[in-house]
Amino acid sequence: MAQRSAGPSKEDWVGAGLTALIEGGIESVRIERLAVSLGVSKGPFYWRFKNRDELLKAIIAFWKRDFTTLLIDQTREFATARERLVALAELSLVQRMGSVDVAQAECALRAWAARDPMPRAAAAEVDAARIDHLTKEFALAGASQPLAGRLAKAVYVALLGLYMLRQYTPELADDESFLTAVEAALDAAEAACQRGARDI
């Protein structure tokens, strides 16, 4: 048992798997390759996972948790929707989480999702959760539900576009422009609220 606790952790294997996915696509997420990258034999892998499919599910769970739920949770301490959304936007711009490049990971996970039903379903859940959260915050900022939904999708699409630019056209990737777009969307939500108040 002491040997098992000394080997790579589940998180180490997930990180190695995500790195392999980024570098070579889903075909590169192979136990032997990951073991080499972690400096161990294949044996310790089976201390943490039953098989490769279980690792792939853990990679998806990491995406849902660390790239979505935990980011949202870090903004709950702020008092207003504007403060929470600006904080979330800034957190979304972090270049790396540990050893993982965020933009590269998003692109690699979505490329995998385009070919495989399991990550495709997870991507749909992630997108829905992110857009739903943004919609609720824009509504709290003062937008009507239809407007809040449109603003949420606009900001979300802008973020995914920024990730794509970081990956493929880095000279066009501009974090400040994204933050300006978020502020403009919040201004639109608050202006809609003020117009509604004047109409009462």
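Restricting attention to segment 80-102, and to residues there that are of a type in the set (Val, Ile, Thr) and assigned to a helix (DSSP H, G or I), which single residue is nearest to Leu21 (Cα to Cα)?
Initially, segment 80-102 is screened for residues of a type in the set (Val, Ile, Thr), giving 80, 86, 94, 100, 102.
So of that shortlist, the ones also assigned to a helix (DSSP H, G or I) come out as 86, 102.
On the way: Val86: 30, Val102: 13 Å.
Top of the filtered list is Val102.
Entry remark, segment 82-103: residues being crowded, with 18+ Cβ neighbours inside 10 Å, over 21 Å from Met164 (Cβ atoms) and either more than 20 Å from the chain's Cα centre (by Cα) or modelled with pLDDT under 95 (or both) number 1 in total. Out of (1) surrounded by fewer than 16 Cβ atoms within 10 Å (Cβ to Cβ); (2) in a helix (DSSP H, G or I); (3) among the acidic types (Asp, Glu), what's the single condition that is false for Glu77? Glu77 satisfies every listed condition except (2). Filtered by the rule that a residue be over 19 Å from Asp101 (Cα atoms), surrounded by fewer than 18 Cβ atoms within 10 Å (Cβ to Cβ) and of a type in the set (A, V, I, L, M, F, W, C), segment 32-60 gives Val36, Val40, Trp47. Note on segment 10-27: residues that are within 16 Å of Pro44 (Cβ to Cβ) and either without any contact (Cβ under 8 Å) to a residue 40 or more places away in the chain or charged (D, E, K, R) (or both) total 4. Can you say whether Arg65 is loosely packed, with under 15 Cβ neighbours inside 10 Å, basic (Lys, Arg) and in a helix (DSSP H, G or I), as far as the supplied structure shows? For Arg65, the condition - loosely packed, with under 15 Cβ neighbours inside 10 Å, basic (Lys, Arg) and in a helix (DSSP H, G or I) - is met. No other residue among Ala158, Ala148, Ala154, Ala191 is over 29 Å from Cys107 (Cα atoms) and either within 19 Å of the chain's Cα centre (by Cα) or in a helix (DSSP H, G or I) (or both) apart from Ala191.
Would you check if there is a residue in segment 7-24 being more than 19 Å from Gln104 (Cβ to Cβ), surrounded by fewer than 18 Cβ atoms within 10 Å (Cβ to Cβ) and of a type outside the set (Gly, Ala, Ser)? The answer is yes, given that some residue of segment 7-24 is more than 19 Å from Gln104 (Cβ to Cβ), surrounded by fewer than 18 Cβ atoms within 10 Å (Cβ to Cβ) and of a type outside the set (Gly, Ala, Ser). The single condition among (1) free of Cβ contacts under 8 Å to residues at least 24 places away in the same chain; (2) touching a strand residue (DSSP E or B) at 6+ places or on another chain (Cβ under 8 Å) that Pro117 does not meet is (2). Hey, among the residues in segment 132-157 that are under 20 Å from Ser177 (Cα atoms) and in contact (Cβ under 8 Å) with a residue 24 or more places away in the chain, which one's surrounded by the most Cβ atoms within 10 Å (Cβ to Cβ)? The qualifying residue surrounded by the most Cβ atoms within 10 Å (Cβ to Cβ) is Phe138.
The values are calculated or read from the model by the stated rules, or taken from the named source; none is laboratory data. If you're wondering where the values come from, they're calculated on a predicted model, not measured in any experiment. Note: ideal-geometry Cβ built from the backbone for every residue, glycine included; neighbour counts use all protein chains shown.
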